[in-house]
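Chemist: To start, I am sharing the structure in question, which I have written as structure tokens.
Laboratory data are not the source of any read-out in this text; all were calculated from the coordinates shown. The model shown is predicted, which means the values in this text are computed figures rather than measured ones. Glycine also receives a Cβ, built like all others from the backbone with ideal geometry; neighbour counts cover every protein chain displayed.
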Amino acid sequence: MGPSGGHSTGASMLPVTVQSLIAMVAYAINERMARRVEYLQEEVRVLREMLLTKTGRPRITFTDDQRLRLALKGKALTPEERSSCCQIVRPDTLLKWFRQLAAKKYDSSAQRRRPGRPRKASDIRALVVRFAAENLGWGYTKIRDALHGLGIEIGRTTVATILADAGIEPAPERRRKRTWKQFVTSHWQTLYACDFFAVETLGVFGTVRIMVFFVIELKSRAVHIAGIRIDPDGAWMTQIARNLLDPDVGFLRNATHLIHDRDPLYTKAWTVILESRGIKSVPIPARSPNCTPHAERFVKTVRTECLDNFLVFGERHLRHLLSEFVAHYHTERYHQGIGGQLIRPRPSPSNDPSPLATIQCRSRLGGLLSFYHREAA
């Protein structure tokens, strides 16, 4: 056999050997992969049997992420592979999930505008709510007209919708449910309050309790000692009311509402006198001193800054102490409730006092009450 023949035989045998090796390796790999797949399928069947309910359906809850992963992997399989491999989820369910996933990509319903007109801007909505809260008697039409006056175009129905969304009732309901704070705010300019406080004095035969009746103007904090009596009664209160309502010097001549507690001394006759001058009596609920905080504060102030520092000897001494304190209270005491100002400041002799001017002290009740001011330059 010549050299050329030997060469031809070797060349033809080499591909056969390689093909055999490749086939053997591929068979081994396929066999091992088949064993793994069979095991995984059997494992899935066992898990599925463990999770079966009495109805024969697996009780498994998938998250959105799990549905996404299964749908993507299942779509890549052939129908035959899905039929043989899918043990927990049916092939139809996998395809359904995939269709939903694909459709979601083109879903723009979240950006779709709601039907109807667009909502008003937040600042306009806030303004509507503010108008309704600050003006209990304003209905939808009046709020709309007020906004038109500000150059804001809005309809009556839109106002009603905005207030309904904010949980604000119509005007008649708001007026019936007006809070105490809203009442005080709306009548602040002409609102007064009155009350009693007791002072224990030393008499000839022991201590005597004297009742002091006062009236306070809420806006300015000005106070008027209306009467002092050991045992006040209805007739005395009626005369006090007449004095307070004097058209020239009466402390209540400009009042429209008078707040008081439910003391029996505020009789029907006393109320009628107030109403005859256009003043409405406003009794507060029982056991609610917070409804008259300004009057309660004055009682605390007059006690701590004046009366608690003295042994009061009779009614005459009490009148002197109260007279001096009220004068100091109005013209020499700075009040935090009105911005640290004096209620009735006295005219200064000089509009621009010199820093070098001597500082003077005006004292009352033996130096208990002091007021400092500069002497005119």
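Chemist: What is the sum of charges, Lys and Arg at +1 and Asp and Glu at -1, for the other residues whose Cβ falls under 12 Å from the Cβ of R209?
Modeler: -2
Chemist: Listed highest first by mean packing, meaning other Cβ atoms within 10 Å per residue, what order do 206-217, 282-293, 266-277 come in?
Modeler: 206-217, 266-277, 282-293
Chemist: Using the count of nearby Cβ atoms within 10 Å as a rough guide to exposure, how do T331, T179 rank from fewest to most?
Modeler: T179, T331
Chemist: For segment 222-234, what does the Karplus curve 6.51 cos²θ - 1.76 cosθ + 1.60, with θ = phi - 60°, yield as ³J(HN,Hα) per residue in whole Hz, taken in order and with x for Gly and Pro?
Modeler: 5, 10, 10, 6, 7, x, 9, 7, 6, 9, x, 9, x
Chemist: Now for a different question. Can you list the aspartates and glutamates whose alpha carbon sits under 18 Å from that of K96, skipping same-chain ones fewer than 8 residues off?
Modeler: D64, D65, E80, E81, D107
Chemist: Separate question: Between S122 and D64, how high is the FRET efficiency from 1/(1 + (r/R0)^6) when r is the Cβ-Cβ distance and R₀ = 30 Å? Nearest 0.05.
Modeler: E between S122 and D64, to the nearest 0.05, is 0.35.
Chemist: Let me ask something else about it. Listing C306, C361 from the residue with the fewest other Cβ atoms within 10 Å to the one with the most, what is the order?
Modeler: Exposure proxy ranking, most exposed first: C361, C306.
Chemist: Next question. How much net charge surrounds V249 when only other residues with a Cβ under 15 Å from its Cβ are counted (Lys, Arg +1; Asp, Glu -1)?
Modeler: Result for the local shell: 0.
Chemist: On to the next question. Going by C-beta contacts inside 10 Å, put M237, M24 in order with the fewest on the left.
Modeler: M24, M237
Chemist: Just to be sure I understand the model, the point goes 7 Å from the Cα along the line to the Cβ. What's the resulting T141 to R35 distance in nm?
Modeler: 9.2
Chemist: Past 23 Å, Cα to Cα, is the threshold; run K142/K280; K219/K280; K142/K219; K219/K300 against it and keep the listed order.
Modeler: Violating the 23 Å Cα-Cα cut-off are K142/K280; K142/K219.
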